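Shown next, in structure tokens, is the structure this report addresses.
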Amino acid sequence: MRSLSTHRRHPLAGVLVLLLGLVVLGGLYSVLAPRSAEADSTDEALIDDGRQLFLVGCASCHGLNADGIEQQDGGQYGPSLVGVGAAAVDFQVGTGRMPLAQNSQQAPEKAVIYTDDETAALATYVASLSPGPAIPTEEDYDASDASREEVVEGRETWLTNCSACHNSVGAGGALGDGRYAPPVLGTDPKYVYEAMLTGPQSMPVFNDALLDPEEKRTIIAYLETLEAEPQYGGAGLGGFGPVTEGLAAWLVGMGALVAVATWIGATAVRARQ
Amino acid sequence: MSQTEAPARKGGLAAGPLAGPTAWLDDRVGLATIVKKNLRKVFPDHWSFLLGEIALYSFIILLLSGTFLSVWFKPSMAEIIYTGSYDPLYGIEMSEAYASTLDISFDVRGGLLMRQIHHWAAALFLAAMMVHMLRVFFTGAYRKPRELNWLVGLGLLQLGIIEGFAGYSLPDDLLSGTGLRIAEGLMRSIPIVGTYISFFVFGGEFPGNEFIPRLYVAHVLLVPGILLALITLHMVLLVYHKHTQWPGPGRTNNNVVGYPLLPVYAAKAGGFFFVVFGVTALMGALFQINPVWVFGPYNPSQVTAGSQPDFYMGWLDGALRIMPAWEFTILDWTFSMNVFIPGVALMGLLFTILGAYPFVEQWVTGDRRVHHLLQRPRNAPTRTAFGAAGITAYGLLWISGGNDIIATQFQLDFYWITRLLRVLVFVGPVLAFVATRRVCIGLQRKDAEVVVHGFETGIITRSPDGEYSERHLPLSPAEAWTLSAHDRTEPAGLPAASDHNGVAAPHGRVEQVRGRLSRFWVGHDHQKPTADEVREAHEHHADDDELEPAEQQFGGVNELGVPRRH
Ligand code: HEM
């Protein structure tokens with residue numbers, strides 16, 4: 001494993017990864033594409049379940065064939081889901097973002113309304129339309145046995161690729177037009193992986209050419225380390241940095257001191273009378 | 001023989017065991033007289049007079065905790081590999097400055113607590129200075145003869161800001177590096193000479209290897225040294241001028257009413273020192289501040305959402321954030337007004353206004369008398385309104401500095417907030433000025449009313465011939481005095497622009513401007529009643545509807561209509 005990641009630095013490594021990616025993609029395609037024609041019966045049943053659920057819960061925005069609705073005045077709008085893959089559906093439905101409750105700048109996370117089985121059915125249905133990123137397996141995102149080096153590497157990758165939007169401690173940050181990058185600590189590792197894979201909404205897609213699976217796993221390892229880390233030095237004040245620190249200095253610090261000063265001044269007045 | 005011995009024995013007895021060194025010193029430098037005089041120095045007390053002390057004590061805490069930190073901090077930009085005990089950074093290349101900050105945080109006993117105490121004390125130091133300055137401003141304590149001490153105070157505030165920024169930049173973490181990068185941008189935005197200044201300060205291209213050591217010298221030696229000297233001067237001037245006091249019975253422009261330094265005031269001040277220390281230590285122990293380990297070492301290719309300077313720089317950062325992009329080129333020079341105006345000119349503007357204010361006010365009002373009695377903010381409506389406008393502008397810029405945090409926390413649109421603030425930053429201060437002045441004048445009017453007619457008791461009486469009237473409770477003389485101790489204000493008259501021969505009067509223009517300004521300044525004030533008005537009112541009420549003068553403050557009436565007294 002170590003030798004592989006050292007070889008990655010080789011000048012030809014990029015080409016190699018690209019080639020590998022192409023081979024894997026091609027392979028996947030050739031496996032998946034004919035499959036949808038002659039899928040076995042359980043898959044067929046799942047897809048059918050998924051389609052039924054989709055027609056009820058999603059088609060009003062995404063269209064009867066999941067190919068999207070674009071309607072400027074009605075306000076009902078949903079992008080085409082052809083090719084977004086099972087991972088996108090699993091992320092969107094699994095974190096409660098979909099079905100969208102109202103048209104807002106950004107689909108917020110909310111209570112999940114589909115069971116795991118239903119989500120799986122929806123995902124299978126959407127994936128059957130056209131291949132896309134598959135739901136990652138536990139092997140992909142499980143980082144519980146990550147070494148110290150991997151955590152260090154994950155930290156670097158996180159700070160280079162993600163903290164501009166999500167803040168260094170993953171507390172989230174503002175983007176333009178009322179959009180925001182949400183806090184990510186506490187997010188299920190599977191969804192972290194899927195978020196990178198599918199790039200929900202204003203988040204860029206970090207496909208395997210940008211961040212290979214190993215790098216994605218190290219990011220997850222770092223986020224889990226951050227989450228488990230004790231709050232060195234006291235309450236973290238939300239991780240927002242100097243803004244909340246300044247507020248605390250004024251409200252807590254100056255507040256207490258001015259209160260004491262007032263008390264000292266007041267007792268003097270009474271003593272004088 | 002015995003007669004000559006007596007005095008010697010007597011002297012020996014009176015001296016006691018402690019007298020040796022003190023008597024020795026007294027013989028040589030006349031210590032007793034100096035000390036006796038100063039121990040009897042009187043300090044008036046009021047809570048607002050303790051604000052300066054908060055600043056003083058947090059400065060002492062800064063010196064103590066800073067000394068602790070300087071034992072372990074290594075002001076060097078040499079690159080080393082981190083092998084300390086914070087795992088997520090293990091094996092990363094970083095500067096010695098950053099590595100030693102991590103060591104202080106994780107590997108030095110009590111180091112993190114000291115770092116946090118130092119940083120919280122810095123925040124409190126600046127906050128206290130600002131509040132202290134506002135109290136001096138709003139009470140008119142800067143008036144003659146204390147203008148000089150006002151200027152010294154401004155110097156302290158500026159140096160405090162510089163000192164804080166230098167400290168913030170020392171650890172060489174991602175945030176401080178980002179802050180320094182902005183500071184470098186500000187330097188470069190100074191037209192024509194900017195680039196040279198930046199190269200001069202950083203010893204070459206940013207960031208270079210020289211800056212942290214240079215900053216360190218400024219942070220631990222140069223600036224604290226000047227601060228200490230200026231604080232001493234500040235205190236000497238304070239003792240020399242004596243403290244101002246609030247008007248009240250027995251307090252005049254020629255005396256100071258309060259407690260002697262020893263024992264009362266010293267005990268209070270000493271106690272307060274421990275309170276300030278306690279609050280700072282508690283904050284250091286309970287709240288995280290500047291957790292450098294999560295930011296990582298400075299790396300120009302990394303950024304993080306929520307990058308902000310410490311609060312006292314926040315308003316400049318805010319100005320920078322809402323300033324429209326305005327840049328032009330003349331010949332070969334680029335003039336980056338988008339950076340220069342908010343970043344450099346604004347700071348200069350603020351301190352110019354603050355420094356000039358006492359003198360401008362003196363010139364406009366023509367008041368060059370010596371003042372030892374403070375003014376209630378309402379009795380200087382225009383000044384108070386200026387202050388409110390200033391606070392509003394500052395506050396809005398400050399808010400702009402946190403626009404991203406506000407956007408995420410309150411789910412607002414970031415661009416929308418920015419546009420709104422661009423407008424508010426101009427409109428807000430004007431509204432604040434107008435509203436504050438109205439409120440002040442209203443309060444002045446109420447004071448005058450109470451002085452003339454006393455308090456309304458709400459007790460309605462009906463006279464035998466059926467007339468209803470409300471009984472009034474006149475003020476005690478002490479209260480009436482306190483409410484009317486301030487001076488009347490009068491706008492300067494407009495001088496004739498030319499004499500009867502049509503020759504322009506010397507300084508005519510300037511005097512015209514001054515006259516107009518002075519009408520704007522004090523022309524709207526509500527004046528306190530004259531003695532005649534008060535006497536007349538009393539005679540008018542004397543017959544039936546006035547109660548006995550309240551000895552002390554009026555506290556309303558109870559259910560039976562009997563006035564309550566404290
Ligand atoms: C290092 C920061 C500072 C320290 C340690 C400090 C300390 C003090 C102390 C202990 C007093 C006497 C108590 C009081 O009136 O509150 C005082 C008075 C005074 N300070 Fe400061 N101060 C600082 C900054 C400033 C600033 C920023 C200004 C204004 C620009 C200022 C202007 C004054 C004036 C005019 C007085 C006399 C007030 C009076 O007699 O009523 N000081 N200072």
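The values are calculated or read from the model by the stated rules, or taken from the named source; none is laboratory data. Computed from a predicted model, the values in this text were never measured in an experiment. Cβ atoms come from the backbone with ideal geometry, glycine included; neighbour counts cover every protein chain shown. The protein model used for the area step is the full one, side chains on, heavy atoms only, and it has no ligands, DNA or RNA in it. Shrake-Rupley method; radii C 1.70, N 1.55, O 1.52, S 1.80 Å.
Things to note:
- Residues being out of contact with any helix residue (DSSP H, G or I) (no Cβ under 6 Å at 6 or more places or on another chain), open to solvent by 30 Å² or more (accessible area, probe 1.4 Å) and not in a helix (DSSP H, G or I) - total across segment B:259-277: 0
- Boolean, B:Leu51 is within 16 Å of the ligand (Cβ to nearest atom), in contact (Cβ under 8 Å) with a residue 24 or more places away in the chain, within 14 Å of chain A (Cβ to nearest Cβ) and crowded, with 20+ Cβ neighbours inside 10 Å: yes
- Looking only at residues in segment A:86-103 that are open to solvent by 20 Å² or more (accessible area, probe 1.4 Å) and without any contact (Cβ under 8 Å) to a residue 40 or more places away in the chain, the one that is nearest to A:Cys61 (Cα to Cα) is A:Leu100.
- Scope segment A:126-141; condition over 19 Å from A:Val205 (Cβ atoms) and either within 13 Å of chain B (Cβ to nearest Cβ) or in contact with a helix residue (DSSP H, G or I) (Cβ under 7 Å, 6 or more places away or on another chain) (or both); matching residues: A:Ser128
- Hey, B:Leu227 within 15 Å of the ligand (Cβ to nearest atom) and in contact (Cβ under 8 Å) with a residue 24 or more places away in the chain or not: yes
- Here B:Ser70 fulfils each of the conditions (1) surrounded by fewer than 19 Cβ atoms within 10 Å (Cβ to Cβ); (2) modelled with pLDDT of 90 or more; (3) touching a strand residue (DSSP E or B) at 6+ places or on another chain (Cβ under 7 Å) apart from (3).
- Helices (runs of 4 or more DSSP H) lying entirely in segment A:151-248 (those with 2 or more residues that are within 12 Å of chain B (Cβ to nearest Cβ)): A:163-166, A:213-228, A:242-248
- Considering only residues in segment B:291-306 that are open to solvent by 10 Å² or more (accessible area, probe 1.4 Å) and more than 7 Å from every other protein chain (Cβ to nearest Cβ), the one that is farthest from B:Ser85 (Cα to Cα) turns out to be B:Pro300.
- Residue check, B:Gly110 modelled with pLDDT under 90 and more than 11 Å from chain A (Cβ to nearest Cβ): no
- Close pairs from segment B:144-172: first of a type in the set (Asp, Glu), partner near the ligand (Cβ under 10 Å from one of its atoms), Cβ under 7 Å, at least 6 apart: B:Glu147/B:Pro358; B:Glu163/B:Leu227
- Residue check for B:Ala141: near the ligand (Cβ under 10 Å from one of its atoms) and of a type in the set (A, V, I, L, M): yes
- Within segment B:231-249, residues that are more than 14 Å from chain A (Cβ to nearest Cβ) have Cβ atoms under 8 Å from residues that are in a helix (DSSP H, G or I) and more than 6 Å from the ligand (Cβ to nearest atom) in these pairs: B:Leu233/B:Val152; B:His234/B:Val152; B:Leu237/B:Leu148; B:Leu237/B:Val152; B:Val239/B:Asn38; B:Pro247/B:Trp481; B:Pro247/B:Thr482, counting only partners at least 6 apart in sequence or on another chain.
- Residue list for segment B:362-378, restricted to those being more than 13 Å from the ligand (Cβ to nearest atom) and surrounded by fewer than 19 Cβ atoms within 10 Å (Cβ to Cβ): B:Gln362, B:Trp363, B:Gly366, B:Asp367, B:Arg368, B:Arg369
- Matching residues in segment B:278-289 - criterion: being assigned to a loop (DSSP other than H, G, I, E, B) and open to solvent by 10 Å² or more (accessible area, probe 1.4 Å): B:Gln288
- Every condition in (1) modelled with pLDDT of 90 or more; (2) aliphatic (A, V, I, L, M); (3) open to solvent by less than 50 Å² (accessible area, probe 1.4 Å); (4) under 28 Å from the mean Cα position of the chain (by Cα) holds for B:Leu222 except the one numbered (3).
- When restricted to residues that are surrounded by 16 or more Cβ atoms within 10 Å (Cβ to Cβ) and more than 11 Å from the ligand (Cβ to nearest atom), segment B:230-256 contains 2.
- Taken over segment B:449-487, residues that are in contact with a helix residue (DSSP H, G or I) (Cβ under 8 Å, 6 or more places away or on another chain), assigned to a helix (DSSP H, G or I) and within 19 Å of B:Gly248 (Cα to Cα) amount to 5.
- Condition broken by B:Trp120, with the remaining ones in (1) open to solvent by 30 Å² or more (accessible area, probe 1.4 Å); (2) more than 16 Å from the ligand (Cβ to nearest atom); (3) among the hydrophobic types (A, V, I, L, M, F, W, C) satisfied: (1)
- Scan of segment B:54-77 for residues that are in a loop (DSSP other than H, G, I, E, B) and either within 10 Å of the ligand (Cβ to nearest atom) or aliphatic (A, V, I, L, M) (or both), ordered by number: B:Met77
- Only one entry of B:Leu151, B:Leu156, B:Leu113 meets the criterion of being assigned to a helix (DSSP H, G or I) and either more than 8 Å from the ligand (Cβ to nearest atom) or assigned by TED's automatic domain parsing to the domain that holds B:Arg383 (or both), and that entry is B:Leu113.
- Of note, B:Met94 does not satisfy the criterion of being assigned by TED's automatic domain parsing to the domain that holds B:Leu174 and within 21 Å of B:Leu221 (Cβ to Cβ).
Residue-by-condition table, conditions (1) over 26 Å from the mean Cα position of the chain (by Cα); (2) within 14 Å of chain A (Cβ to nearest Cβ):
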residue: B:Gln411; (1), (2): yes, yes
residue: B:Phe433; (1), (2): no, no
residue: B:Ile441; (1), (2): no, no
residue: B:Val450; (1), (2): yes, no
residue: B:Glu467; (1), (2): yes, no
residue: B:Glu470; (1), (2): yes, no
residue: B:Glu479; (1), (2): yes, yes
residue: B:Arg488; (1), (2): yes, no
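- Verdict on B:Leu102 being open to solvent by 30 Å² or more (accessible area, probe 1.4 Å), more than 9 Å from the ligand (Cβ to nearest atom) and farther than 30 Å from B:Cys440 by Cβ: no
- Taken as a whole, the condition of being within 13 Å of chain A (Cβ to nearest Cβ), out of contact with any strand residue (DSSP E or B) (no Cβ under 7 Å at 6 or more places or on another chain), part of a loop (DSSP other than H, G, I, E, B) and not charged (D, E, K, R) does not apply to B:Asn254.
- Any hit, segment B:379-396, residues being touching a helix residue (DSSP H, G or I) at 6+ places or on another chain (Cβ under 8 Å), away from the ligand (no atom under 16 Å from the Cβ), at pLDDT 90 or above and among the aromatic types (Phe, Trp, Tyr): no
- Residue within segment A:175-192 that is open to solvent by less than 20 Å² (accessible area, probe 1.4 Å), outside the structural domain of A:Gly94 (by TED's automatic domain parsing), at pLDDT below 90 and closer than 27 Å to A:Asp116 by Cα present: yes
- Selection status of B:Ile80, open to solvent by 50 Å² or more (accessible area, probe 1.4 Å) and outside any helix (DSSP H, G or I): yes
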